[in-house]
Amino acid sequence: MHRTFRHCALLMAMAGAAAPVLADECQLSIDSNDLMQFSARQLTAPASCTEVEVTLHHVGKQPLAVMGHNWVLTRTKDANTIANLGMSAGLRKNYLPQGDARVIAATRLIGGGESATVKFGTAALKPEDDYTFFCSAPGHIAVMKGKFELRK
Ligand code: CO
């Protein structure tokens, strides 16, 4: 434990000395849990990212059928419609309408201990539009949602 900590501290010091060695800002990460929560209300990537990669982690223990989560991106005005269509689509279809262009990006549904990644191009995102990410499992959008922004 002690040794691990010192090793970490050393790596952090080295990272500080060599500033360009940073995690890719176009790669974002968000956690979800057994309490039906995302770990962030906002995700932001630099507008210079031509592609953004989002990795969703489920840090809980509940199985997919009980507390499954996904990460879905739509325009804010489409979010509730897509969540409702997703509920009708059902678990086997990842709680998402199939082939619906309003779904800009979506991970698969995951259960406790799992992770899923989605990569999407930013060319279709308009500066004048407002974007929301949410979980499309039934009812989850009420609490599992946030803003997605490209930072200029
Ligand atoms: Co959820």
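Nothing in this text is a laboratory measurement; each read-out follows from the coordinates by a stated rule. No experiment lies behind these values; they were computed from the predicted model shown. Cβ placement follows ideal geometry from the backbone for every residue including glycine, while neighbour counts extend to all protein chains displayed.
Structure notes:
- Flag for K119 being under 15 Å from the mean Cα position of the chain (by Cα) and exposed (fewer than 14 other Cβ atoms within 10 Å of the Cβ): yes
- Among the conditions (1) away from the ligand (no atom under 15 Å from the Cβ); (2) surrounded by fewer than 18 Cβ atoms within 10 Å (Cβ to Cβ), G111 misses just one, which is (1).
Each row is one residue, and each column tells you yes or no for (1) on the phi < 0 side of the Ramachandran plot; (2) part of a helix (DSSP H, G or I); (3) over 12 Å from the mean Cα position of the chain (by Cα).
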{"position": "L85", "(1), (2), (3)": "yes, yes, yes"}
{"position": "E128", "(1), (2), (3)": "yes, no, yes"}
{"position": "K147", "(1), (2), (3)": "yes, no, no"}
{"position": "L150", "(1), (2), (3)": "yes, no, yes"}
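- Against the numbered list (1) farther than 17 Å from T44 by Cβ; (2) away from the ligand (no atom under 16 Å from the Cβ); (3) not in a strand (DSSP E or B), T117 comes up short only at (3).
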